[in-house]
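Single-structure report; data block below.
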Amino acid sequence: MATKQRPSAVGKAADYLDQRTTIGVLVKELARKVFPDHWSFMLGEIALFSFVVLIASGFFLTMFFEPSMALVRFEGDYPPSMQGQLMSAAFSSTVDMSFEVRGGLLMRQIHHWSALIFIGSIVLHMFRIFFTGAFRKPREINWLVGLTMLILALAAGFTGYSLPDDVLSGNGLRIIDGVVKSIPVIGSYMSFLVFGSEFPGSHIIPRLFTLHIFVIPGILIALIALHLFLMVLQKHTQYPGGGRTDRNVVGYPALPVYVAKMTGNFFIIAGVLTLMGGTMAINNIWNYGPYDPAPVSAGTQPDWYILFVDGALRLMPGPGWEWVIGGYTLSMNILIPAVVVPGILFTILFAWPFLEARVTGDHREHHVLDRPRNRPVRTGIGVALFVAFLVCALAATNDIIATHFSLSIFAITWVLRVLLFVGPVFAFFVTKRVCLGLQRKDRELVLHGHESGRIVRFANGEYVEVHTPLDPQEVWLRTQHTSPKPLEIRPATDARGVRRQGYRSDRRWQRLSEFFYEDRVEPARPAELAAAHSHGEHDEIEARTPAAVGPGTAGQGTSGPRTAGPRTSGEGAAGPGEEPR
């Protein structure tokens, strides 16, 4: 007689919790959730796991850091050059943490590298979302959440960067003070409110400390939870391919595949960050010394995510851009590059999902991502922004470029000023033409197939090259998208010749839509495919040519990805083995 197996302690605890919360239903639903598989989706995971390492290392540092600007004399053994020097308690505790606390320097460097990777992965993740159109309905809210997290990440990085109160971070705070004071009318009052008195005051470090360890992380944790909740609720986006539509998800289940993969990814990322913290020195504040308003260090730059602001300030001309109006001085040479331009940029990014929906007239749900080549203007704008960032980053290092290459710093600055206006425009048009060329290439491949290199001579002396037909998966990939047309609006006047109200607004939107979609390449359609593949005598040769095995025909077994939802084709799509519709 078989003995009844007693449940384990974990089983008992799970049963106890399930009977009182019915959490088992949620766990079962999440375990069956299907996620698509692509390397670019790891960018969000890198950001998430870097944030976890940030929180863990920051908790350690908080126990030894003293957020005070009270002056103390340094009595530590190292570095000996600072013996007896007057400095703030914040700087002294950071140096002590680096040399007296076991593992303190390692944790400081892990924390700093984690912050850089955290912000970098968010930026790359947002670029991926922008280029592939993952911000479209129903993910507009998640796009807004992601941009807000990016701004908070920048704020968290800057507040943490400023806490040691060394010369480098103090100069950064001095720049921020100048930026705040450049705001018309309220700037001086805001500066006094932030610093507690005239710069540098005696309250800024404790206030930054509170923001850095409590306010900003708390909001970030709430937004990350909201971001993940919306991602699970709306289901994950997926790249175009065979069988992928807006009504299904092709991928792997959360349990056990994705939980195992994410756990492994976390330990890999944590290990790499620890290796970087242990072998790559960063922010050695004892080389700069405690903050003193008198000296300004040369040849130094802020962390990479602030380079574009520093570079924009260096590129902005000084003379002629300080205007005195009614006794008030407007420092436009600071206000424009540090406040106006970033403000316009982030405003456009926040409004982009709604702007694109308006100029396309497309308000359908989208779960299949765009190929960047199929949205030339959007891709061109993204590349142009990236080029502008690179130019500003180079401008932030103009003094280093000048000294290392024996060049005139004024010549470098003027060249970069020209590039800041010419470079993004040139990059936009080149990217747009490349995308349109790739679309034409896709169209030709669908209609005529891959070049095989096989030349056949007919009895009448005609020579032809035999093309290899595309695999059904390749046809699907190149024909499943739609090519939006510019908006069509009603005439300016009605049948009686009366001018229609709202025509001017409609016309402005139509012009913007024409800018986006006037240059377009239609994907191949069934009638064109039939005409292109009807070559009479040539068909007999192609029929005897073995078709190439495409990426979608190999490895289709029981261990492959699971599909959640029906395998139905979306608008303008053709499934494997079908003609495009």
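The values are calculated or read from the model by the stated rules, or taken from the named source; none is laboratory data. Keep in mind it's a predicted model, so treat the numbers as computed, not measured. Counting neighbours? That spans all protein chains shown, and the Cβs are built from the backbone with ideal geometry, glycine included. What goes into the accessible areas is simple: the full protein's heavy atoms, side chains included, and nothing from ligands, DNA or RNA. Shrake-Rupley method; radii C 1.70, N 1.55, O 1.52, S 1.80 Å.
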Checklist line | Spatial separation of Cα centroids for the range 217-232 and the range 281-328, in angstrom | finding: 34 Å
Note to self: If I ignore ligands, DNA and RNA and count only protein heavy atoms, how much of F346 is accessible to a 1.4 Å probe, in Å² to the nearest 10?
What the structure shows: 40 Å²
Next item on the list: Starting from the Cα-Cα distance between R507 and V72, subtract it from 0.36 nm times their residue separation and give me the gain in nm to one decimal.
Entry: 149.9 nm
Next item on the list: Would you please give the FRET efficiency between L436 and E100, computed as 1/(1 + (r/R0)^6) with r the Cβ-Cβ distance and R0 = 51 Å, to the nearest 0.05?
Entry: 0.25
Next item on the list: Give the range of the longest stretch in the chain that excludes all GluC sites (Glu not before Pro) found in loop regions by DSSP and having at most 12 other beta-carbon atoms within 10 Å.
Entry: 199-364
Checklist line | Alpha-carbon Rg with Dmax, taken over the chain, Å | finding: 29.9, 100
Item checked: Among I175, L152, M97 the positive-end extreme of the charge dipole of the range 53-191 (Cβ point charges) -> L152
Item checked: Debye, to nearest 20: dipole size of the range 404-533, +1 on Lys, Arg Cβ, -1 on Asp, Glu Cβ -> 880 debye
Notebook entry, point to check: Stretched out fully, how many nm does the piece from Q85 to V422 gain, at 0.36 nm a residue minus the Cα gap?
Noted result: 116.3 nm
Next item on the list: Would you please calculate the Kirkwood hydrodynamic radius of the range 225-365 over all C-alpha pairs and express it in Å, rounded to one decimal?
Entry: 21.8 Å
Check: Could you sort S191, S406 by accessible area so the largest value comes first, with the probe set to 1.4 Å?
Finding: S406, S191
Notebook entry, point to check: Label points 7 Å out from Cα along the Cβ direction at L275 and S452: separation in nm?
Noted result: 4.7 nm
Next item on the list: Please name which of A427, L61, S505 has its Cα lying farthest along the dipole of the chain towards the positive end, using unit charges on Cβ (Lys, Arg +1; Asp, Glu -1) and the Cα centre as origin.
Entry: S505
Check: DSSP loop chymotrypsin sites (Phe, Trp or Tyr not before Pro) in the range 43-97 with at most 16 other Cβ atoms within 10 Å of their Cβ, which ones?
Finding: F64
Checklist line | Long pairs among K33/K235; K137/K261; K432/K485, criterion Cα-Cα beyond 19 Å | finding: K137/K261
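Quick check on the range 450-507: what are the equivalent-ellipsoid semi-axes from the Cα gyration tensor, as sqrt(5λ), descending, whole Å?
Each semi-axis is √(5λ); the values are 54, 18, 8 Å.
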Margin query: Just want the answer: with Cβ charges of +1 for Lys and Arg and -1 for Asp and Glu, which residue in I336, A395, G437 is farthest toward the dipole's positive end in the chain?
Written below: G437
Notebook entry, point to check: What is the extension gain from V415 to R499, computed as 0.36 nm multiplied by their sequence separation minus the C-alpha to C-alpha distance, in nm to one decimal?
Noted result: 25.3 nm
Note to self: Run the paramagnetic zone check for V27: 7 angstrom along Cα to Cβ, then residues of the range 240-266 with backbone nitrogen under 20 Å.
What the structure shows: 253-264
Note to self: Please compute the Kirkwood hydrodynamic radius of the range 424-539 from all pairs of different C-alpha atoms, in Å with one decimal.
What the structure shows: 18.1 Å
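Express the relative contact order of the chain as a whole percentage, based on alpha carbon pairs under 8 Å and six or more residues apart in sequence.
Relative contact order comes out at 17 percent.
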Notebook entry, point to check: Taking the simple approach of a point 7 Å from Cα along Cα-to-Cβ for both I151 and D37, what is their distance in nm?
Noted result: 3.9 nm
Notebook entry, point to check: When the Cα centres of the range 65-94 and the range 395-436 are compared, how far apart do they sit, in Å?
Noted result: 42 Å
Check: What is the magnitude of the charge dipole of the range 344-480 about its Cα centre, with +1 placed on the Cβ of each Lys and Arg, -1 on the Cβ of each Asp and Glu, and no other charges, expressed in debye to the nearest 20?
Finding: 260 debye
Check: Taking only DSSP H segments of four or more residues, each worth -39500 (n - 2.57), what value at 222 nm results for the chain once the sum is divided by all its residues, to the nearest 500 deg cm²/dmol?
Finding: -17500 deg cm²/dmol
Notebook entry, point to check: So what does Y503 come to for accessible area, using a 1.4 Å probe and Å² rounded to 10?
Noted result: 50 Å²
Note to self: As an exercise, use a Förster radius of 45 Å and the Cβ-Cβ distance of H203 and F515 to find the FRET efficiency, rounded to the nearest 0.05.
What the structure shows: 0.35
Next item on the list: In Å and from the alpha-carbon atoms only, list the Rg and Dmax of the range 1-152.
Entry: 24.4, 83
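At 1.4 Å probe size, with every protein chain present, just tell me what the per residue accessible area of the range 321-472 comes to in Å².
54 Å²
Could you do me a favour and compute the accessible area per residue for the range 176-280, 1.4 Å probe, result in Å²?
Per residue, the range 176-280 has an accessible area of 51 Å².
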Next item on the list: Please calculate the 1.4 Å probe accessible area of S505, with all protein chains present, and give it to the nearest 10 Å².
Entry: 50 Å²
Notebook entry, point to check: For the chain, with only Lys/Arg (+1) and Asp/Glu (-1) charged at the beta-carbon, what is the dipole magnitude about the Cα centre, in debye rounded to 20?
Noted result: 1600 debye
Check: Using the eigenvalues of the Cα gyration tensor, what equivalent ellipsoid semi-axes result for the range 96-214 when each is taken as the square root of five times the eigenvalue, whole Å, largest first?
Finding: 30, 24, 11
Notebook entry, point to check: Ignoring ligands, DNA and RNA, what percent of the 1.4 Å accessible area of the chain is carbon and sulfur?
Noted result: 65 percent
Notebook entry, point to check: Shape of the range 322-399 from its Cα gyration tensor (a ≥ b ≥ c, root eigenvalues): rounded if a/c is under 1.5, otherwise prolate when a/b > b/c, or oblate?
Noted result: oblate
Next item on the list: Counting other Cβ atoms within 10 Å, keep those with at most 16, restrict to DSSP loop, and tell me which trypsin sites (Lys or Arg not before Pro) in the range 298-364 are left.
Entry: R364
Next item on the list: Please identify every one of the trypsin sites (Lys or Arg not before Pro) in the range 1-110 that sits in a loop by DSSP and has no more than 13 other beta carbons within 10 Å of its own beta carbon.
Entry: K4, R32, R102
